[in-house]
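Every number in this text was worked out from the coordinates using simple rules, so none of it is lab data. These figures come from a predicted structure and were not determined experimentally. For neighbour counting, all protein chains shown are included, and Cβ atoms are generated from backbone atoms with ideal geometry for every residue, glycine included.
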Amino acid sequence: MPSLLEITSSAEDEKKWDPLLTKWGKGLMEDSVKQEPRVNKLPKGKSNFVYSNMFDYDSRVFIIHTDDGAPCGYIAIQTHSHNPFLVNAKPTMMSVNELYIAEEHRRQGIASWALRQVEEMAKKNKDIFVLQIQLYAKNAPADKAYEKFGFSDWSKTKVKFLR
């Protein structure tokens, strides 16, 4: 059975996990560009963008391991209020900000397993009533998988690239 290992923003975890997360982060960006080529025009951050951005806004990051204990991806989640204008509101939503499985481990049910673990975490918090995940509009395989998992359209975001 796969497993999750929560990591922190500590220097020790950064030293241990940053090289692999940076590699996976680049893979995530490559996948994103395949789905939406204009993403390639977005400004590039530090090479260790995972550690520079992942732990903002009360995010939690988990390394996903295969049955044999090999790290194969990560999932980043965040709890927050469904209404950003409510100050000091209790978290009512859990968002999956990033989910990445290394290419050689895809189509084995690992992402679904990780989402089930996150769903169980969300259900344990009685204030959380929504689990949310975002994806690029052109990512039909992920969209189909998430719908199969029980996600449905709730809102729609439109973007306009200025450059």
Cα-Cα over 18 Å: which of LYS123/LYS158; LYS123/LYS156; LYS23/LYS148; LYS138/LYS160; LYS26/LYS144?
-> LYS123/LYS158; LYS123/LYS156; LYS23/LYS148; LYS26/LYS144
Once you list every other residue whose beta carbon is under 12 Å from the beta carbon of TRP17, what net charge do they have if Lys and Arg are +1 and Asp and Glu are -1?
-> -2
Sequence order, the range 103-118: Karplus ³J(HN,Hα) from phi using 6.51 cos²θ - 1.76 cosθ + 1.60, θ = phi - 60°, Hz rounded, Gly and Pro as x, gives 3, 5, 10, 6, 6, 10, x, 5, 4, 4, 4, 4, 5, 5, 5, 5
If you take the square roots of the eigenvalues of the alpha-carbon gyration tensor of the range 113-163 and sort them as a ≥ b ≥ c, do you get rounded (a/c under 1.5), prolate (a/b over b/c) or oblate?
-> prolate
Burial ordering of MET1, MET121, MET94, fewest other beta-carbon atoms within 10 Å first = MET1, MET121, MET94
